Amino acid sequence: MRSFVKCFSPSNKNERILMRILLSALRRLPAVIVFRIRNAKHIKLSDSRIFSLAANKETPYLKRDRLSNELSSERSAGLKILLIDPMGYQKGLNVGLAYLAGALKQRGYKNVDVLDLNNVFYDVPDTRIIDFIKKSGYDVIGFSIKTPTFNSASRFAKLLKPQYPEATYIAGGPHVTLNYDEFMKENTEFDYAVVGEGDMSVVELCKMLESGKDYPVAGIYSRKQGNGTSITSTLIDNLEELPLPDFDVFKSYDFTNFEYLLVTSRGCPYKCTYCSVGMISGNRMRYRDVDSVIAELKWAKERFNCTRFNIIDDNFTLDIKRAKRFC
């Protein structure tokens, strides 16, 4: 260190400034090392691995291979279910699929994966994705479709179904709920459509598929029922019956600096002409218990090490006293 200091000339102003910066950095080094050790468990990739991925032109293929590696080779008995979030311009995790995965797992369906084509695998060629799906041998493939993702969902389903006809294909999401009859007429690749909240109706549909029998399921449009059939949208009365959203099924998603997506209520009583929320989530407000919501935030902080959250309710401040109590 002494020899290192001697190489600087005290008379040179720039060198004196540089020396002060160096000494200041050295004083902070122990705290930095301690911080890195304490947070090592949250590090997904090493620095060298990140630079390697950034420099590699085959990064999309590496991401696809990483997905394959993360899938368990030892599956539980029962249906193998794949939920797909199609590509679109609205980025961010699909919390609806997280809730659906949680509901399926709560009812015993352990083999649930989410293929996030919107945030993670958007740059992987269709052929590689289809090859992965075929090798994984999924029994049920569900698409979550919003109007901005309709075109990409329809296009990919038309590519996938002819190459993998063994699976049962399900469409759900806001676009399908609002337009299921026309959607099913134009998209013959899908066997069923989910109308309304699918947390429970998709579980019942999976039970029906496992039984080998064909019977009506509330909130499910079956192609066998024929076009023009009116299906009543299903709404969950007691939101406390739902499990926490399962974000672990989003394979290869980078949860670093994750801003947790929080749902505290569903529905909106208003009927604004420009808004479709009432037709999707109902005009009757359904609230979660505030203490339950706080418990979820504590769990999210522990699970994901997150320090920020985003309330995505349709109308969080309708009951202003409840909103204040939460805050």
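Across the range 75-223, the volume of the C-alpha convex hull divided among the residues equals 104 Å³ per residue. Phe304 label point, 7 Å along Cα→Cβ, cut-off 20 Å on backbone N: hits in the range 102-129? Only 102-106, 112-122 pass the distance filter. A simple spin-label model places the labels of Met19 and Val290 6.0 nm from each other, with each point 7 Å out along Cα-to-Cβ.
Once you keep just the Cα pairs under 8 angstrom separated by 6 or more residues, what percentage relative contact order results for the range 130-224? Computed value for the range 130-224: 25 percent relative contact order. For the residue pairs Lys271/Lys301; Lys110/Lys207; Lys110/Lys185; Lys91/Lys251; Lys146/Lys321; Lys80/Lys251, the C-alpha atoms sit more than 24 angstrom apart in Lys271/Lys301; Lys110/Lys185; Lys146/Lys321.
Per residue, the solvent-accessible area of the range 199-292 (1.4 Å probe, heavy atoms of protein chains only, all protein chains present) comes to 52 Å². Placing unit charges on the Cβ atoms of the charged side chains and taking the dipole of the range 188-310 about its Cα centre, the candidate lying farthest along the positive direction among Ala295, Val195, Cys306 is Val195. Extension gain, Gln225-Thr188: 0.36 nm per intervening residue step, less the Cα-Cα distance, totals 12.0 nm.
Extension gain, Asn283 to Lys134, is 49.5 nm, computed as 0.36 nm per intervening residue step minus the present C-alpha separation.
How high is the FRET efficiency between Thr256 and Cys327 when r is their beta carbon distance and R₀ equals 22 Å, given to the nearest 0.05?
Between Thr256 and Cys327 the formula returns 0.25.
Dividing the radius of gyration of the alpha carbons in the range 189-327 by their Kirkwood radius gives 1.02 for Rg/Rh. Between Tyr270 and Val32, the simple label model (points 7 Å from Cα in the Cβ direction) yields a spacing of 5.1 nm.
In order along the range 268-284, phi translates into HN-Hα couplings of 7, x, 7, 10, 5, 5, 8, 10, 9, 4, x, 6, 9, 9, x, 8, 9 Hz, rounded to whole numbers, per the Karplus curve 6.51 cos²θ - 1.76 cosθ + 1.60 with θ = phi - 60° and x for Gly and Pro. Taking amide H atoms as placed 1.01 Å from N in the peptide plane, the amide H of Leu83 lies under 5 Å from those of Asp113, Val114, Leu115, Gly142, each 5 or more residues away in sequence or on another chain. Full extension of the segment from Lys91 to Asn179, taken as 0.36 nm per residue of separation minus the current Cα-Cα distance, would add 29.4 nm.
Note on the range 116-232: with neighbouring protein chains present and a 1.4 Å probe, carbon and sulfur make up 51 percent of its accessible heavy-atom surface.
The values are calculated or read from the model by the stated rules, or taken from the named source; none is laboratory data. None of the values given here were measured: they were computed from a predicted structure. A quick note on method: Cβ atoms are made from the backbone with ideal geometry, for glycine too, and the neighbour counts reach across all protein chains shown. Areas reflect the complete protein model, heavy atoms only, side chains present, ligands, DNA and RNA absent. Shrake-Rupley method; radii C 1.70, N 1.55, O 1.52, S 1.80 Å.
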